[in-house]
Amino acid sequence: MVRIALAHLLWPLDPVRARGRDEITLARALFATPLRTDPATGDLRAGLCSTWSSSRGGRSWRFRCSHAGAIAQELRRAHLFAAARIGARDGHTVSVSSSEPTPEAPYVLTEVAAAPSGVPGPFRLVSASPARVVLERRGLRLVVRRLKPETALRLFRAGQLDEAPVPLGELQASLRNPRLRPDVRVQRLLAVDLVVCERGGALARLPDLRRVYDDTADRADYQALVPELEAPPAESLAEPRSGAKIARAAALAANRARKRIASLPHVAVRFAQPADPDLAYGASLLIAAWRDIGLGPFFGAGRPDATFERVVAPYPRRAALQAAVAGRSIIPIAWALDARLVSRRLAGWREDELGAVDYARVRSRASSRSR
């Protein structure tokens, strides 16, 4: 038996509803996707579909699959292909046709939202509730519980959990703890914490104001207090860069932006309060720093001018992350990571850059001891 704690549990158990690292990880254990990716390389692997090919310059794709009708229905329900015709032929072929080339089409079929909900996945569902889900596969049982990270840490240290999230603010302390350090797993994600300037809101309507918010965002404090220096700040969605020149350029841009504040209209910018406690804490850091230099952000009810979100790529390609925010005005803040405590009695546990764990590869060894 493998005892797992997640801060967020998918409920109801519908792959289209899965959002965020925890919910998607559970969905991948329960549902089978048409295609998969190799956790080490990101290369495509067969899933429910065994072969795939394109024609018409990438505007048409054919996938040879089991459960082709269910897959085609799920692709339509999840709206994964905009303005594309999706069909199922002869019970074994899914076709996707559009007027524009769709080179990423096979990767779209790796998304958990593409998994047909009525088709058996890697694990069989034994029981389910909003707080506890039990899955089983070939004698391996997963007991997944929704727990606050602080509670999960206490239970992990007592030997009552095999996997637990590291609570916000506890990563460096866990890495310094000689008993916990061997259990800490840190994975940089293909994900970014960012401000979304809502359409019609103050930051979207006033580009000069938005640039000042971007240039003065306190990415250094955010990096120190949220990912705890284990992930870099993000000024764009390009591959993160580092070095003294980059830091100096950012500092100069921030100084110039602060000098422009007095010439800008004093506009209140309403931020929606994030439901996720970690994101809410991160957003409060940013808002406090902006207010300290004379800007007017605040948390408030009503139509927001901006939201603070973690955007995770749906498949392991940088283009997927960029597509996830296409058409939205954003202020990137920091690259995201996932930190877990994983018992040394688990063999084969590995997390990829989307935060997914293939539990079908996990094996349980001897019992763990209290830490």
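The values are calculated or read from the model by the stated rules, or taken from the named source; none is laboratory data. Just so we're clear, the structure is a prediction, and the values are computed from it rather than from any experiment. Cβ coordinates were reconstructed from backbone atoms using ideal geometry, including for glycine residues, and neighbour counts include every protein chain displayed. Calculation scope for accessible area: heavy atoms of the full protein, side chains included, ligands and nucleic acids excluded. Shrake-Rupley method; radii C 1.70, N 1.55, O 1.52, S 1.80 Å.
The string of couplings for the range 88-98 from the Karplus curve (6.51, -1.76, 1.60, θ = phi - 60°) is 10, 10, 6, x, 10, 10, 9, 10, 10, 10, 9 Hz, one whole number per residue in order, with x for Gly and Pro. Taking the chain as a whole, the Cys residues whose C-beta sits 4.7 Å or farther from every other Cys C-beta are C197. Considering only L194, L168, A204, and ranking their Cα positions along the charge dipole of the range 114-217 that arises from unit charges at the beta-carbon of Lys, Arg, Asp and Glu, the one farthest toward the positive end is L168.
Taking Cα centre as origin and charging only the Cβ of basic (Lys, Arg, +1) and acidic (Asp, Glu, -1) residues, the dipole magnitude of the range 120-164 rounds to 80 debye. Using the Cβ-Cβ distance between R291 and R318 with R0 set to 41 Å, the FRET efficiency works out to roughly 0.75.
Relative to the current alpha-carbon distance between S284 and L175, full extension at 0.36 nm per residue lengthens the span by 36.7 nm.
Pick the calculated log10 I(q)/I(0) by the Debye sum over Cα atoms at q = 0.07, 0.09, 0.12, 0.15 Å⁻¹ for this structure from [x] -0.51, -0.71, -1.00, -1.33; [y] -0.36, -0.59, -1.00, -1.33; [z] -0.69, -0.85, -1.06, -1.25? Read-out from the structure maps to [y]. On full extension, the segment bounded by R124 and Q73 gains 16.1 nm, given 0.36 nm per residue less the C-alpha separation.
Ordered by 1.4 Å accessible area with all protein chains kept, V16, V269 run largest first as V16, V269.
Nearest 20 debye, what's the magnitude of the dipole of the chain about its Cα centre given +1 on Lys and Arg Cβ and -1 on Asp and Glu Cβ? The partial results should precede the final answer.
Details: 58 positive and 37 negative charges, 156 e Å.
That gives the chain a dipole magnitude of about 740 debye.
Please check: in the Gaussian network model of the chain (C-alpha springs, under 10 Å), which one of A326, A164, A114 has the largest mean-square fluctuation. So, out of A326, A164, A114, the one fluctuating most is A326.
What number, in percent, do you get for the relative contact order of the chain if the mean sequence gap of Cα pairs under 8 Å and at least 6 apart is divided by its residue count? Working shown, then result.
Values: 745 pairs, mean separation 80.5, N = 371.
Once divided by the residue count of the chain, the mean separation gives 22 percent.
Simple spin-label estimate for F298 and R241 gives 3.9 nm between the two label positions (7 Å along the Cα-to-Cβ direction from each Cα).
Rounded to the nearest 20 debye, the dipole magnitude of the range 250-321 is 380 debye, with +1 charges on Lys and Arg beta carbons, -1 on Asp and Glu beta carbons, and the Cα centre as origin. In this calculation the C-beta distance from R59 to D208 is compared with R0 = 45 Å, giving a FRET efficiency of 0.65.
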